[in-house]
Amino acid sequence: MSRCCATGRYGDGRPNPTDRGKSGSKIHLVTDRNGLPLSLGISAANTHDSLGLKPLVRRIPPIRSRRGPRRRRPAKLHADKGYDYDHLRRWLRERGIRHRIAHKGIDSSQRLGQHRWVVERTVSWLAGCRRLHRRYERKADHFLPFAGIAAALICHRRLVR
């Protein structure tokens, strides 16, 4: 599925002051508590973070456990204030996923920072891959496999230790 994006410029080339969108791309990431990437996604930098949560959670593969059947979903999900929407909370609850999402204007970012630094560390590991640091590919379908290879390398390095 392709999506076209407005350039945010007037016809004469001046930037549009009402368009606050950025050009570029964002990497969305779900990790386990140790920082191993479980699900990875790419979106345009001018899209809101909350739009990427549902596809990321759906893409988490079943995980084999030592006892019982495979887990098909995480037990708990920590997210920052960008995901503070009732419809996302309801969607997670319907799937049996407990959520800890900071409330905008109420909760401090410091409390969630104890869990968030794990994801930030994994994002910095991904940024260490030169191919991902600067995006050379125009299409997300070409860029996403490179991000997947980098995530596989991170998993390999962490699990070999």
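Here, each number is a calculation from the coordinates, and none is a lab measurement. Just so you know, these numbers come straight off a predicted model, no measurement behind them. Neighbour counts run over all protein chains shown; Cβ positions are idealised from the backbone, glycine included.
Descending by average beta-carbon neighbour count within 10 Å, the peptides 37-48, 121-132, 95-106, 58-69 line up as 37-48, 121-132, 95-106, 58-69, the highest first. Of the cross-linked pairs K54/K139; K54/K81; K26/K81, those separated by over 19 Å at the C-alpha level are K54/K139. Can you give the translational diffusion coefficient of region 25-67 in µm²/s, computed by Stokes-Einstein from the Kirkwood radius over Cα pairs at 4 °C and 1.567 mPa s? Once the numbers are plugged in, D ends up at 114 µm²/s.
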